[in-house]
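*Asks:* Pasting in a structure now, in structure tokens, and then I'll have a few things to ask.
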Amino acid sequence: MMYLSTRGRAGRRSFEEVLLAGLAEDGGLFLPERWPALDRDRLEALDGADYPATAAAVLAPFAEGCFEEDELLAMAREAYAGFAHPAVAPLRQLDPSLWLLELFFGPTLAFKDFALQLLARMFERVLVRRDETITILGATSGDTGSAAIAAVAGRRRMRVLILHPHERVSPVQRRQMTTVDAPNVANVAIRGTFDDCQNIVKVLFNDAAFRKEAKLAAVNSINWARIAAQAAYYVYAALRLGCLRRPVGFCVPTGNFGDVYAGHVARCMGLPVHRLLVATNRNDILARFFESGEYRAGEVVQTSSPSMDIQVASNFERLLFELVDGDGAAVAQLMNRFAQERGFAVSSRAHARARALFEAGTADDEQTRATIARWYERTGGAVLVDPHTAVGLAVAERLRGTSSHPLVVLATAHPAKFPEAVERATGRPPPPPVRLADLFARTERFTVLPADPAAVADFLRSWQATP
Ligand SMILES: *Cc1c(COP(=O)(O)O)cnc(C)c1O
């Protein structure tokens, strides 16, 4: 399988190159040249397969030329063995037609573990093969940083350095990063905002000499391998709900458009997906796009679902490429306009296409709180969802209408990860899962630095000099 850039000016690339590079050199995002077919026969063969086998089968055609399916299966078995539920991605029924797909049994209790646990193992294999080392550099306001650290800690040939805004991430999220005791993990708290952190990462990546010297790599949500890995749980869940016999839909709490786009990928491959609902919090750039055809960034507002507090949905560029019939020059032009004017509108034809593929809705903090409370009370405390999942649930309940087809809400994080928001809704803090039990007893390690790329570069150099 070979890959092209959404901006049409990078060469064809192999999976291995796409895995390591993340972004294409023309600034675009990688997409496979064609969709591998997941036809009825293959779906029937996968019906009843366990999670790692499903993941390996979905990934195999994308990773062709880099990993064989048995290698992928070995990596997937190892990656998902650490999940705290034997089904890895269990479905939970809420009412006759509404389901939760619980994606929070990984080491950091959010769905990002699904892709990153596998990605770290892919990186390691490729780096050993090439006799190379890398340092993963990223900025985080929430779940990606901890998932990357948990996946990379203790692995060979990789270091990971994560920047977070000093005193501006939740104590649970910070401690999930700073209490990991491994020599290949470092945390830096930047005296500034999340945007300052992201800006430092951008400056260091754009410095070609430094990037090469420090062997920098990224694992942000535009990495194609992350999307492909996430497509697997759509296949797994849809098959379990009988998608070969009846329509199954999904509703996905959305920020960067990565997770719900993975559902679209599964559908493009041939998985029968009846509906894909995009659920946003008040940072609703995507909901507004599906409504009006105009993609325009607003001000980022802080909500109770912080991992979705985003006004630029990076993976949207992949959908845009499809909406303009794969015209890379048109995508580049629109994205340049977005960079300059913070927005653009697509043609009415492209807008109609987008609306045929996705439906969208928004839930504000009050609706999110009320949704957590309503399910908690209705079920006598048995169903307790985190605020991100609650955004999805609120939108699913609103948009499902009178349909009796199964609709699956992706439960993207464990409620104990967001204890303040959950307590505001239910009146009591969520019980901590075993994984978090000693989190507040562990020692934290991080370095506080000013919001200055040079300071981070110096820190990184001296850290890399230590074994
Ligand atoms: C990252 C994240 C999201 C948003 O996922 P995208 O792929 O960015 O759309 C939703 N919920 C949680 C808990 C997350 O960590």
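*Asks:* Filter the chymotrypsin sites (Phe, Trp or Tyr not before Pro) in the range 390-467 to those in DSSP coil with at most 14 other Cβ atoms within 10 Å of their Cβ, and list the result.
*Replies:* Phe440
*Asks:* Give me the one-decimal nm value for the distance between modelled label points at Ala382 and Leu244, 7 Å along each residue's Cα-to-Cβ direction.
*Replies:* 3.1 nm
*Asks:* Taking 7 Å along the Cα-to-C-beta vector as the label spot, tell me the Met2-Glu341 distance in nanometres, rounded to one decimal.
*Replies:* A separation of 3.6 nm, rounded to one decimal place.
*Asks:* As an exercise, use a Förster radius of 45 Å and the Cβ-Cβ distance of Arg129 and Ser170 to find the FRET efficiency, rounded to the nearest 0.05.
*Replies:* In this case the efficiency is close to 0.70.
*Asks:* Moving on. Could you list the GluC sites (Glu not before Pro) in the range 40-148 that lie in coil according to DSSP, counting only those with at most 16 other Cβ atoms within 10 Å of their Cβ?
*Replies:* Glu64, Glu68, Glu132
*Asks:* Can I ask one more? Among the aspartates and glutamates, which fall within straight-line cross-link reach of Lys112, defined as a Cα-Cα distance under 19 Å, with same-chain neighbours fewer than 8 residues apart omitted?
*Replies:* Reachable aspartates and glutamates: Glu78, Glu102, Glu124, Asp143, Asp259, Asp309, Asp386.
*Asks:* Sticking with this structure for a sec: I'd like to know which of Leu286, His274, Gln340 lies farthest towards the positive end of the charge dipole of the range 259-342, counting +1 on Cβ of Lys and Arg and -1 on Cβ of Asp and Glu.
*Replies:* His274
*Asks:* Taking square-rooted eigenvalues a ≥ b ≥ c of the alpha carbon gyration tensor, is the chain rounded, prolate or oblate, where a/c under 1.5 means rounded and, failing that, a/b exceeding b/c means prolate?
*Replies:* Taking the square roots of the gyration eigenvalues as a ≥ b ≥ c, the chain is rounded.
*Asks:* Return a whole-number percent for the relative contact order of the chain, with Cα pairs under 8 Å and 6 or more residues apart as the contact set.
*Replies:* 19 percent
*Asks:* Nearest 5 percent is fine: what portion of the DSSP beta bridges confined to the chain is antiparallel?
*Replies:* Here the share of antiparallel DSSP bridges comes out near 30 percent.
*Asks:* OK, next. Please give the length that would be gained between Asp50 and Asp70 if that part of the chain were fully extended, namely 0.36 nm times their separation in residues minus their C-alpha to C-alpha distance (nm, one decimal).
*Replies:* Difference between extended and current length: 5.7 nm.
*Asks:* Stretch Gln464-Asp364 to full length: gain in nm at 0.36 nm per residue minus the Cα-Cα span?
*Replies:* 31.6 nm
*Asks:* Identify all aspartates and glutamates with a Cα-Cα distance to Lys212 below 13 Å; exclude those on the same chain that are fewer than 8 residues away in sequence.
*Replies:* Qualifying aspartates and glutamates at Cα under 13 Å: Glu132.
*Asks:* Hey, any idea what the orientation-averaged projected area of the convex hull of the range 342-407's Cα atoms comes to, in nm²?
*Replies:* For the range 342-407, the mean projected area of the Cα convex hull comes to 6.5 nm².
*Asks:* Report the GluC sites (Glu not before Pro) located in the range 283-385 that are in a DSSP loop and have at most 13 other Cβ atoms inside 10 Å of their Cβ, or state none.
*Replies:* Here the sparse-neighbourhood loop sites are Glu299.
*Asks:* Calculate the radius of gyration of the Cα atoms of the range 276-378 to one decimal place, then report Dmax, the largest Cα-Cα distance, as a whole number, both in Å.
*Replies:* Here Rg and the maximum Cα pair distance are 15.3, 53 Å.
Read-outs throughout are calculated quantities, based only on the coordinates presented, and are distinct from any laboratory measurement. Here the structure is a predicted model, which means the values were calculated and not measured. With ideal geometry, Cβ positions are generated from the backbone for all residues, glycine too; neighbour counts draw on all protein chains shown.
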